[in-house]
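One structure is given here, and the rest of the page talks about it.
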Amino acid sequence: VSADLVVIDCPPSLGLLTINALFAADRVVVVAEPAAWSSDGVDQILRNVARFAERRGGRPEVAGIVVNRLGRTRDGAYWASQLAEAHPGLVRSTVVRLRAAIAEAAARSLPVNALTRPGAAEAAEELDALYRELFGVPEPATAGAPPGSHGADSSLHAAYDLGYAVRP
């Protein structure tokens with residue numbers, strides 16, 4: 001199989017699947033919820049990635065930390081800021097907010113941009129922005145169009161087809 005991008009979604013543990021994924025990866029994106037225990041987990045996974053990179057000539061590199069499921073609470077904002085403070089330059093500016101549309105898309109095994117419920121278009125836009133930020137993809141030619149409307153040749157649809165947008 002030939003591909004420019006392969007996304008391997010792993011559980012938040014250091015089991016065999018995650019270890020094999022780290023050995024296969026060139027880059028790692030750490031996804032973290034803005035909470036105390038998640039913050040501790042980020043420190044642990046970064047240490048483990050560094051250990052793998054030492055043995056593999058610098059691979060995988062950390063592509064960034066993504067704050068996921070950010071709610072509209074002071075607590076969420078506090079822990080997101082703590083992550084950014086603890087890991088300067090690694091926490092990405094694009095966050096994925098807590099939205100029922102993402103959970104519904106995952107439960108229905110659908111890309112989030114296939115849903116018509118409130119919040120789905122906004123969730124798709126956040127995920128598109130995150131994809132562009134992580135992989136240096138320019139804004140699509142349809143920039144300025146209503147949220148969720150992408151051109152038929154949008155490279156972002158490939159990410160959705162891989163399941164990128166349906167994991168909470």
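The values are calculated or read from the model by the stated rules, or taken from the named source; none is laboratory data. The shown structure was predicted, so the numbers you read here are calculated from the model rather than taken from an experiment. Using ideal geometry, Cβ is built from the backbone for each residue, glycine included, and neighbour counts are taken over all protein chains shown. These accessible areas exclude ligands, DNA and RNA; they are computed on the full protein's heavy atoms, side chains included. Shrake-Rupley method; radii C 1.70, N 1.55, O 1.52, S 1.80 Å.
Overview of results
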| quantity | calculated |
| --- | --- |
| Residue ID - surrounded by the most Cβ atoms within 10 Å (Cβ to Cβ), chosen from residues in region 53-68 that are more than 19 Å from Ala129 (Cα to Cα) and under 17 Å from the mean Cα position of the chain (by Cα) | Pro60 |
| All positions within region 114-128 that are more than 20 Å from Gly76 (Cβ to Cβ) and either of a type in the set (A, V, I, L, M) or touching a Gly at 6+ places or on another chain (Cβ under 6 Å) (or both) | Ala114, Leu115, Ala120, Ala121, Ala124 |
| Region 69-120 - residue that is more than 21 Å from Glu133 (Cβ to Cβ) and among the acidic types (Asp, Glu) and, of those, farthest from the chain's Cα centre (by Cα) | Asp75 |
| Which numbered condition Arg59 fails, given (1) charged (D, E, K, R); (2) touching a helix residue (DSSP H, G or I) at 6+ places or on another chain (Cβ under 7 Å); (3) without any contact (Cβ under 8 Å) to a residue 24 or more places away in the chain | (3) |
| Neighbours by Cβ (under 7 Å, 6+ apart or cross-chain): first from region 7-21, more than 15 Å from Leu46 (Cα to Cα) and touching a residue at least 40 places away in the same chain (Cβ under 8 Å); second among the aliphatic types (A, V, I, L, M) and surrounded by 12 or more Cβ atoms within 10 Å (Cβ to Cβ) | Val7/Leu162 |
| Set Gly71, Gly76, Gly64, Gly89: member being out of contact with any Pro (no Cβ under 9 Å at 6 or more places or on another chain) and either over 17 Å from Pro12 (Cα atoms) or of a type in the set (Asp, Glu) (or both) | Gly89 |
| Scope region 1-30; condition open to solvent by 90 Å² or more (accessible area, probe 1.4 Å) and under 14 Å from Val91 (Cα atoms); matching residues | none |
